[in-house]
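The values are calculated or read from the model by the stated rules, or taken from the named source; none is laboratory data. Note that this is a predicted model, so its numbers are computed, not measured. Cβ: placed from backbone, ideal geometry, glycine included. Neighbour counts: every protein chain shown. To get the accessible areas, we keep the full protein, side chains included, count just its heavy atoms, and leave off ligands, DNA and RNA. Shrake-Rupley method; radii C 1.70, N 1.55, O 1.52, S 1.80 Å.
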Amino acid sequence: MAWLYGWLVNRRRRAYRNGRRPVHHSPLPVLVVGNITVGGTGKSPFTAWLVSHLKAQGWRPVILSRGYGARPDHYPCAVAPDSDPAACGDEPVMLAQQTGVPVLVDPRRARSAAYAEHDKLGDVLVCDDGLQHYALARTLEFCIFDGARGVGNGALMPVGPLREPLERVRSVDFCLTTGQPEHATFRGGLPGAKQCYAVTLVPTVLRNLSSGETRDLEWLSGRVVNAVAGIGNPARFFDTLNDLGARVIPHPFDDHHRFRSDDLDFPHGPVVMTAKDGVKCHTIARDDVWVLDVIARPDAALVTELDQKLELPGKDRTHG
């Protein structure tokens, strides 16, 4: 099955490279954030940081998202901070809240790119989780790995966690690791990658989901909390809370889980969840439900190289 999956992946890539499938070449720079492994690697926090950095440099970013699980009545769908996550997807709503820039949801990112260009929504496009969306040519690519899990056993799905062969990293501009690069993959450097940059995910504050009240992270020290996570890698969230001194009762859910009020009904202790889960629980949260806000903090060397590349003429490319 892994061999068949790999054959299909390569066949699809060749179709875009050889022109058998159409590719949209945007006149705007296209920055793609994604990964080649399944599961959470910290893409959304990095996307939020990237957008914030671009804004600080004078750019006007537009985020393009597939909107996993989204069911809008039309595409592209413009997402606002108060949009319904059930209609638009949880990550797009979260990014709209965190960044304040236009967010478009469409499984065909080339179509949303054309929409953003036509309506002059911005001057740079940022694709969240779009590394395998070859129908949109890209200027820069960011491939993110979880430092602890790396590439797992190094095999393609379903035998391993790889969406694409590991050799794919040779063609990306930036390879990033979130968390400590403990996996054997990173000993001596990621094979084929130019360089791996570290991105630290930094907890900043606790935010009450009902009232908006904030508390310092010290509030967690020694406190029993019900940790709720419907993300790709719940263990990372639980470990973060443990590192902050909380006594964690873990409650993992499937990625993009649609919460009901009884999912948060625990006999003892407050509830602490991720920002991604928080956007879906605002209307069902009790007074003791808190969100742990997290920001991405990349290596200074990555920031320097990124700024240098953004000063160059666009390198409109179609990977294959």
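On the given criteria, is Val33 in contact (Cβ under 8 Å) with a residue 40 or more places away in the chain and more than 18 Å from Asp173 (Cβ to Cβ)? In short, no. Just one of the listed residues (Ala184, Ala135) is among the aliphatic types (A, V, I, L, M), without any contact (Cβ under 8 Å) to a residue 40 or more places away in the chain and surrounded by fewer than 20 Cβ atoms within 10 Å (Cβ to Cβ), namely Ala184. For segment 138-151, indicate whether the set of residues that are basic (Lys, Arg), in contact with a strand residue (DSSP E or B) (Cβ under 9 Å, 6 or more places away or on another chain), crowded, with 21+ Cβ neighbours inside 10 Å and touching a residue at least 60 places away in the same chain (Cβ under 8 Å) is non-empty. Yes; the residues of segment 138-151 include at least one that is basic (Lys, Arg), in contact with a strand residue (DSSP E or B) (Cβ under 9 Å, 6 or more places away or on another chain), crowded, with 21+ Cβ neighbours inside 10 Å and touching a residue at least 60 places away in the same chain (Cβ under 8 Å). Of the helices (runs of 4 or more DSSP H) lying entirely inside segment 7-108, the ones with 3 or more residues being open to solvent by less than 40 Å² (accessible area, probe 1.4 Å) and touching a strand residue (DSSP E or B) at 6+ places or on another chain (Cβ under 8 Å) are found at 43-56, 90-99. Return yes or no: is Glu164 at negative phi, assigned to a loop (DSSP other than H, G, I, E, B), open to solvent by 10 Å² or more (accessible area, probe 1.4 Å) and of a type in the set (Asp, Glu)? No, not satisfied.
Applying the set (1) basic (Lys, Arg); (2) touching a Leu at 6+ places or on another chain (Cβ under 9 Å); (3) surrounded by fewer than 16 Cβ atoms within 10 Å (Cβ to Cβ) to Arg258 leaves exactly one unmet item: (2). Among the residues of segment 1-57, just one is more than 29 Å from Ala155 (Cα to Cα), among the hydroxyl-bearing types (Ser, Thr, Tyr) and touching a helix residue (DSSP H, G or I) at 6+ places or on another chain (Cβ under 6 Å), namely Ser26.
To keep it simple, each residue is scored yes or no on (1) at positive phi; (2) assigned to a strand (DSSP E or B).
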site: Gly150; (1), (2): yes, no
site: Gly154; (1), (2): yes, no
site: Pro158; (1), (2): no, no
site: Cys175; (1), (2): no, yes
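Looking at Val205, is it farther than 29 Å from Arg13 by Cβ and over 17 Å from the mean Cα position of the chain (by Cα)? Spelling it out, Val205 is indeed farther than 29 Å from Arg13 by Cβ and over 17 Å from the mean Cα position of the chain (by Cα). When Gly189, Gly179 are checked against the criterion of being open to solvent by 20 Å² or more (accessible area, probe 1.4 Å), closer than 16 Å to Ala296 by Cβ and either in contact with a strand residue (DSSP E or B) (Cβ under 8 Å, 6 or more places away or on another chain) or in contact (Cβ under 8 Å) with a residue 40 or more places away in the chain (or both), Gly179 stands alone in meeting it. Counting the residues of segment 203-223 that are exposed (fewer than 12 other Cβ atoms within 10 Å of the Cβ) and among the hydroxyl-bearing types (Ser, Thr, Tyr) gives 2.
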